[in-house]
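Below: one structure, written as structure tokens.
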Amino acid sequence: MAVPLAPGGAGLAVDTVLSVRRLGKTYRSRAGARPVPALDGVSFSVAGGEFVCLLGPSGCGKSTVLNILAGLDRAFTGEAGLGPGVRIGVVFQSPRLLPWLTVRQNLLFALETSAVPRAEWEVRADDWLQRVGLGPFAHVHPHELSGGMQHRAAVARAFAVDPDLLLMDEPFTGLDEFTARAMRRELLQLWRETRRSVLFVTHNCFEACYLADRILVMSAGPGRIRDEIVVDLPRPRDDESPELFERSVAVTRTVLAAASPRAV
Ligand SMILES: Nc1ncnc2c1ncn2[C@@H]1O[C@H](COP(=O)(O)OP(=O)(O)O)[C@@H](O)[C@H]1O
Ligand SMILES: [Mg+2]
């Protein structure tokens, strides 16, 4: 049974922006092919202003969860409810900018389908391009930008539509580590300024510890949430601090233990 993603409304706690209950998904790609159970009984919620990371190895169902929440996949079981009036923004692993539009036009295109009043579109687009350091590149086309700059444009586009909840699927995974670090710092800065909720998918334990208030550890076959880790490191965080590295080693152990539960 497919339960459409719908506003959760009255049933949710006041500051809950997202509530996922017993989410299940089985892929049936071709007739006759063996069905692939991708998710089973996934439940969690995200509070207003919270930064939550969904962490797990490749193939454990992280993107499946995000695609369902983004409304791209309607064939699932269970429930996924947004808080009243909650709007979402999405950043995928590849920037997905429209190649025939300039960077600025890409932001305006997203704003056209948002709840942001028309009178604010241009100001917002320019403001967010400035914030991510792309002001001078507003009128170039995506192929003229480096990979990191394209990702910054995708982040600016997602923030520009003023979402209450930002869904991010491994947005920095394809980047070199230096660029990824700069992007993580920028993301935390934007998050601090806007106080939106973020659900961030990653397989990188260090990244999850650096970014998250709370980490949901997933395991595969089918995808389940095995553990929840509260990251109580003070903010603002230093991405070179020994405490962060220590914590990320401990989280790596938890992920490995979750991946092979019988081995521990
Ligand atoms: N369109 C699809 N058809 C069939 N199987 C799929 C499809 N998309 C994903 N899967 C399978 O579902 C599981 C979870 O995939 P995915 O959500 O992409 O994992 P992750 O994002 O954690 O790497 C994997 O076993 C994957 O092969
Ligand atoms: Mg994925």
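The values are calculated or read from the model by the stated rules, or taken from the named source; none is laboratory data. Source: prediction; values computed, not measured. As a convention, Cβ positions derive from the backbone with ideal geometry for all residues, glycine included, and neighbour counts pool all protein chains shown.
A few comments on the model shown:
- Positions within the stretch 142-200 being in contact with a strand residue (DSSP E or B) (Cβ under 8 Å, 6 or more places away or on another chain), of a type in the set (S, T, N, Q) and buried (at least 18 other Cβ atoms within 10 Å of the Cβ), in sequence order: SER197
- The listed residues are LEU97, LEU101, LEU111, LEU107, and the only one of them that is more than 16 Å from ligand 2 (Cβ to nearest atom), surrounded by 17 or more Cβ atoms within 10 Å (Cβ to Cβ) and either in a loop (DSSP other than H, G, I, E, B) or of a type in the set (Lys, Arg) (or both) turns out to be LEU97.
- Elements of type helices (runs of 4 or more DSSP H) contained in the stretch 172-264, each with 2 or more residues being within 27 Å of ALA160 (Cα to Cα), aliphatic (A, V, I, L, M) and out of contact with any Lys or Arg (no Cβ under 9 Å at 6 or more places or on another chain): 177-194
- Flag for VAL90 being at pLDDT below 95 and either in contact with an Asp or Glu (Cβ under 8 Å, 6 or more places away or on another chain) or buried (at least 18 other Cβ atoms within 10 Å of the Cβ) (or both): yes
- Only one entry in ALA258, ALA212, ALA250 is assigned by TED's automatic domain parsing to the domain that holds GLY61, modelled with pLDDT under 95 and more than 21 Å from ILE68 (Cα to Cα), namely ALA258.
- Residue check for PHE172: in contact (Cβ under 8 Å) with a residue 40 or more places away in the chain and aromatic (Phe, Trp, Tyr): no
- Exactly one residue out of GLU228, GLU246 is surrounded by fewer than 17 Cβ atoms within 10 Å (Cβ to Cβ) and within 22 Å of LEU82 (Cα to Cα), and it is GLU228.
- Inter-residue pairs, beta-carbon under 8 Å, first at negative phi and among the β-branched types (Val, Ile, Thr) and in the stretch 47-66, second assigned to a loop (DSSP other than H, G, I, E, B) and more than 7 Å from ligand 1 (Cβ to nearest atom), 6+ apart: VAL52/ALA212; VAL52/ASP213; THR64/ASP73
Conditions tested, residue by residue: (1) small (Gly, Ala, Ser); (2) closer than 21 Å to MET183 by Cα; (3) touching a His at 6+ places or on another chain (Cβ under 9 Å).
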| position | (1), (2), (3) |
| --- | --- |
| LEU66 | no, yes, no |
| PRO84 | no, no, no |
| GLY89 | yes, yes, no |
| THR113 | no, no, no |
| VAL123 | no, no, no |
| GLY135 | yes, yes, no |
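- Within the stretch 143-163, tally of residues that are assigned to a helix (DSSP H, G or I), under 22 Å from the mean Cα position of the chain (by Cα) and touching a residue at least 24 places away in the same chain (Cβ under 8 Å): 13
- Candidates are the residues of the stretch 40-82 that are away from ligand 1 (no atom under 12 Å from the Cβ) and assigned to a loop (DSSP other than H, G, I, E, B); the one that is surrounded by the most Cβ atoms within 10 Å (Cβ to Cβ) is GLU50.
- Here TRP121 meets each of (1) within 16 Å of ligand 2 (Cβ to nearest atom); (2) more than 16 Å from VAL198 (Cα to Cα); (3) not assigned by TED's automatic domain parsing to the domain that holds GLU207 with one exception, condition (1).
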